[in-house]
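These notes are about the structure you will find just below.
The values are calculated or read from the model by the stated rules, or taken from the named source; none is laboratory data. Every value quoted in this text rests on a predicted model; they were computed, and no experiment measured them. Note that each Cβ is placed from the backbone with ideal geometry, even for glycine, and that neighbours are counted across all protein chains shown. All accessible areas refer to the heavy atoms of the entire protein, side chains included, with ligands and DNA or RNA removed. Shrake-Rupley method; radii C 1.70, N 1.55, O 1.52, S 1.80 Å.
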Amino acid sequence: MGKVSTSTLWTNLIVVSGTRGSNFVFVKLITESMYPFAFAASRGFIAMAALLAWLASRRRALPAYGSHPLPRLWKTIGHIPGTTNGWPTNVPTATAVSHVDSAVVAMLQAAVPLTVAVLARERRAGVRS
């Protein structure tokens with residue numbers, strides 16, 4: 001991987017932050033006419049369609065799992081993390097945005113990584129003592 005300039009990194013960060021931040025405004029507008037669970041389902045469907053289109057554009061065969069037991073197990077239960085990563089987060093977010101201002105929800109969601117970092121630090125400090 002080659003070196004990336006600092007200005008490119010900052011530009012990417014600003015674009016991603018702006019896109020993520022404006023997401024809540026659009027969710028607020030959409031949930032005025034759509035139920036939160038239907039909204040989460042439609043997001044999942046759109047993401048699935050985009051992923052399938054990307055896979056089809058690659059025109060390469062998916063790798064075979066062979067006889068190793070762990071990949072077969074993952075193939076069997078692999079849908080569980082994929083499912084639980086989508087709707088359990090999208091439904092409460094859409095519900096919250098439909099009841100309160102989108103800026104409040106955006107600030108609460110932005111605080112999640114900070115909260116996890118603080119909890120991880122506290123847990124690590126407790127492990128050391």
Please identify the pairs in which a residue from segment 95-112 that is among the hydroxyl-bearing types (Ser, Thr, Tyr) has its Cβ atom under 7 Å from the Cβ atom of a residue that is in a helix (DSSP H, G or I) and surrounded by fewer than 17 Cβ atoms within 10 Å (Cβ to Cβ), counting only partners at least 6 apart or on another chain.
-> Ser102/Val25
Which ones in segment 20-47 are part of a helix (DSSP H, G or I) and open to solvent by 90 Å² or more (accessible area, probe 1.4 Å)?
-> Arg20, Phe26, Leu29, Phe37, Phe45, Ile46
Only one of Pro81, Pro69 is open to solvent by less than 60 Å² (accessible area, probe 1.4 Å) and either more than 19 Å from the chain's Cα centre (by Cα) or modelled with pLDDT under 65 (or both); which?
-> Pro81
